[in-house]
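Working notes, structure below.
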Amino acid sequence: MIRLAPNGARVDPGTFLLGIFRGRDRKRWSLSVAMWGGHKMGSSGCRFLGGLRSGFRGAQAGCPRLTTSQAVYSENQLSWTLRIKPRVFSEYRIMWFKSCSMTFAYLSKMKSYRLPWTRLYGTSQTTVDSSEMKTFLALAHRWWDEEGVYAPLHSMNDLRVPFIRDNLLKTVANHQPGKPLSGMKILDVGCGGGLLTEPLGRLGASVTGIDPVDENIRTAQHHKSFDPVLDKRIEYRACSLEEIVEETAETFDAVIASEVVEHVIDLETFIQCCCQVLKPGGSLFITTINKTQLSYVLGIVFAEQIAGIVPKGTHTWEKFVSPEKLESILESNGLSVLTVAGMLYNPFSGYWHWSENTSLNYAAHAVKSSVQEHVVPAEFALKGETEELRAEASHNSGVCEELKR
């Protein structure tokens, strides 16, 4: 048995730890291969293994035959068991694994084919939580009540608007006075009633606000209609981010997800979609809530159940995300995190202020790499290697013949 890392071991995605080959039965040895990393193998990987199986069937009779006996899926581990049935071996019991090692190397390499620009997510994979939509639908008419349930978001503009503006201005040499963001295209994901969309439009940017709740978009459309300037600079659409990925790929200079990621059901897919619609060198801005005991006590127990600062059921602690986890997801999708800053809200004064403490709320700014690798899809990259492995198996059959003698 060739064993890999035991359960619970920390192994980089796609890394294989080979152990000891052992066994006395000449008729059967089992080779177990496990891949760690928290992600399931894609369909292309399964097709690849199937191709290998059919390829090895055509090998010489003296060469070991590989058949896939079982596949076991779990949340943190994908385990494939390949059974090797060799013919008669010499007393040294030598096994040649060159072809197999090439197979493992390419299974490992396939883990890298999850770069976001190799596949665009469509409407079949959504990040929208239907239960969350019901909550915001009931509050759709209250977005512009500055003393109501959305008062903290109105006040948050004092921090997040300058945060977005100042970081975007670092990327341009010149800007127009009064309209510093003129010429920039910004996507406001989960825009709600347009509380953040409108200030960005007033800074000169062309802003697209999207939200899956129709009533939120109606409220935003109605409010911007009172300002003819904003009516020209802002476009609202009732849709999810996944629905516009293909048509807006690499379109926006900046994507904003403010107080949104703690409401989605698939954070990684959401971040991938954000990256796909960004231009190379574009900025992603996120504000959200950290996943700590303090955020549970103050953000849910106090804010929702005791003080009533936000309606009950607005947040789910399990969906909160720590800066470390968010940074890991961002970097795995080709984004470099430049800034993470803590934000604190004073419920008595109604104001926000910056803090070095990120245990409650925080803001993050990440930039998409301006130089991107153009990765060949796994289906095409592995097609040629399958042929090479078949040839290698045929070559090794001669070695097996020698071992018999």
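The values are calculated or read from the model by the stated rules, or taken from the named source; none is laboratory data. What you see is a predicted model, and the numbers here were worked out from it, not measured in a lab. Neighbour counts are summed over all protein chains in view; Cβ atoms, including those assigned to glycine, are modelled from backbone coordinates with ideal geometry. Each accessible area value is taken on the protein alone, full model and side chains, heavy atoms only, with ligands, DNA and RNA left out. Shrake-Rupley method; radii C 1.70, N 1.55, O 1.52, S 1.80 Å.
General observations
- Shown for the range 234-377 is the translational diffusion coefficient from the Stokes-Einstein equation, using the Kirkwood radius over Cα pairs, a temperature of 37 °C and a viscosity of 0.692 mPa s: 201 µm²/s.
- Just so you know, the Cα atoms of the range 284-351 work out to an Rg and Dmax of 13.9, 41 Å.
- For the range 193-269 and the range 351-369, distance of Cα centres in Å: 21 Å
- The accessible area of Phe285, taken with all protein chains in place and a 1.4 Å probe, comes to roughly 10 Å².
- The range 130-368 - Debye-derived log10 I(q)/I(0), Cα point model, q = 0.12, 0.13, 0.16 Å⁻¹: -0.64, -0.76, -1.22
- The convex hull around the C-alpha trace of the range 121-212, projected and averaged over every direction, spans 7.4 square nanometres.
- Protein-only accessible surface at a 1.4 angstrom probe places the residues Ser332, Ser295 in the order Ser332, Ser295, largest first.
- In the context of the full set of protein chains, residues of the range 130-368 present 43 Å² of accessible surface per residue (probe radius 1.4 Å, heavy atoms only).
- Overall dimensions of the range 136-177 as given by Cα atoms, namely Rg and Dmax in Å: 15.0, 44
- Sequence of Asp211, Asp253 from largest to smallest accessible area, 1.4 Å probe: Asp253, Asp211
- Considering all different alpha carbon pairs of the range 319-366, the Kirkwood hydrodynamic radius works out to 11.7 Å.
- Cross-link check: pairs Lys279/Lys325; Lys170/Lys319; Lys170/Lys291; Lys185/Lys224 evaluated at a Cα-Cα cut-off of 28 Å; pairs beyond the cut-off: Lys170/Lys319; Lys170/Lys291.
- Sequence ranges 240-250, 339-349, 257-267, ranked by mean other-Cβ count within 10 angstrom, highest first: 257-267, 240-250, 339-349
- Of all DSSP beta bridges in the range 130-368, antiparallel share, percent nearest 5: 50 percent
- Nonpolar atom fraction for the range 130-368, defined as the carbon and sulfur part of the 1.4 Å probe accessible area, stands at 52 percent.
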